[in-house]
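One structure below.
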Amino acid sequence: TDENGFEVPTASPLVSFNCNKFGKVVATGSDISDHTPVTSLIRRMRAGRITVAVKAGWEKGTLKVYATADGLCDGVLTVEI
């Protein structure tokens, strides 16, 4: 989203994903025409969208999923497990 909270359908930055010790990024995706392996931690956003699949561990705690891209604010998703 932009600074006003609107989706940007033309956004296409490279996004890098990572997790803390409570999980692991197992797949990323954005478009069926993207030939980057699904296990890649770096993926180009398509039409302003991107997905990430995370496998949580067995230890209880706060899982954090991080997304970073040049020129954009870093994103963090926090999930209690």
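The values are calculated or read from the model by the stated rules, or taken from the named source; none is laboratory data. For clarity, every value in this text was computed on a predicted model and none was experimentally measured. Ideal geometry is used to build each Cβ from the backbone, glycine not excepted, and the neighbour counts take in all protein chains shown. SASA here: full protein model, heavy atoms, side chains in, ligands and nucleic acids out. Shrake-Rupley method; radii C 1.70, N 1.55, O 1.52, S 1.80 Å.
Per-atom-type breakdown for the stretch 19-79 gives carbon and sulfur 59% of the accessible area (1.4 Å probe, protein chains only). Overall, the ratio between the Cα radius of gyration of the stretch 20-76 and 2.2 N^0.38 Å, rounded to two decimals, is 1.22.
In the full protein context, the chain carries 73 Å² of accessible surface per residue, based on a 1.4 Å probe and ignoring ligands, DNA and RNA.
The relative contact order of the chain, computed from alpha carbon pairs under 8 Å that lie at least 6 residues apart in sequence, is 34 percent. Inter-label distance, T68 to T36: 1.5 nm, where each label sits 7 Å from its Cα along the C-beta direction.
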